[in-house]
Amino acid sequence: KVIVSDSGSGVAGRSIDQLCAPFYSTKTEGMGMGLAICRSIVELHYGVLDVEDSTLGGAAFAFTLPVAEDVA
C-alpha cells in the first residue's frame, strides 16, 4: 500500500468517484484530469485508488496493487 498525503483542505466529504471524475477539479485553474489518469493507471494494473482526510490535515490518497506470485 502506498499513501501520499498533503496539507491542503482535505476531501471535504467528496468520494473517490467524484474526485476522479474526468474534468472535475477543486482548483480554479485545474483541468480535472490528473486523478482520473492516476486512477486509470492503477486500475489497469488491477489495483485500487482510495482517498480520505489525513489525520495531519489535508488529504491522504492511497493505492494498492496486487503482488504477483513466483511461478518458477
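The values are calculated or read from the model by the stated rules, or taken from the named source; none is laboratory data. All figures in this text were calculated on a predicted structure; none of them were measured in a lab. When we count neighbours, we look across all protein chains shown, and the Cβ atoms used for this are built from the backbone with ideal geometry, even at glycine. Surface areas here come from the heavy atoms of the whole protein model, side chains and all, with no ligands, DNA or RNA. Shrake-Rupley method; radii C 1.70, N 1.55, O 1.52, S 1.80 Å.
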Item to check | 15 Å beta-carbon shell around residue 14, net charge (K/R +1, D/E -1) | outcome: -3
Checklist entry - Along the stretch 20-27, what does the Karplus equation 6.51 cos²θ - 1.76 cosθ + 1.60 (θ = phi - 60°) give for ³J(HN,Hα), rounded to whole Hz, x for Gly and Pro? => result 9, 5, x, 6, 8, 9, 9, 9
Item to check | Estimated [θ] at 222 nm from DSSP helical runs (n ≥ 4, -39500 (n - 2.57)) normalised by residues in the chain, nearest 500 | outcome: -5500 deg cm²/dmol
Checklist entry - What does the charge count near residue 3 come to, summing +1 for each Lys or Arg and -1 for each Asp or Glu among other residues with Cβ under 15 Å from its Cβ? => result -3
Checklist entry - Tell me, in nm to one decimal, what length is gained between residue 37 and residue 69 on full extension, where the rule is 0.36 nm per residue of separation less the Cα-Cα distance? => result 8.8 nm
Next on the checklist: I need the phi-derived Karplus couplings for the stretch 4-12: 6.51 cos²θ - 1.76 cosθ + 1.60, θ = phi - 60°, integer Hz, Gly and Pro marked x.
Outcome noted: 10, 10, 10, 10, x, 8, x, 9, 6
Next on the checklist: Give me the one-decimal nm value for the distance between modelled label points at residue 26 and residue 48, 7 Å along each residue's Cα-to-Cβ direction.
Outcome noted: 2.2
Item to check | Extension gain, residue 62 back to residue 7 (0.36 nm per residue minus Cα-Cα distance, nm) | outcome: 18.3 nm
Checklist entry - How high is the relative contact order of the chain, given as a whole-number percent (alpha carbon pairs under 8 Å, six or more residues apart)? => result 41
Item to check | Carbon/sulfur fraction of accessible area - the chain, other protein chains in place, 1.4 Å, % | outcome: 59
Next on the checklist: Give me a comma-separated list of calculated 3J(HN,Hα) values for the stretch 57-68, in order, Karplus coefficients 6.51, -1.76, 1.60 applied at θ = phi - 60°, integers in Hz, x for any Gly or Pro.
Outcome noted: x, x, 10, 10, 9, 9, 9, 10, 10, x, 9, 6
Checklist entry - When ligands, DNA and RNA are left out and all protein chains stay put, how many square angstrom of accessible area per residue does the chain have with a 1.4 Å probe? => result 76
Checklist outcome for this item: For Rg/Rh (Cα atoms, Kirkwood Rh) the list reads [x] 1.00; [y] 0.95; [z] 1.05; the calculated value is entry [z]
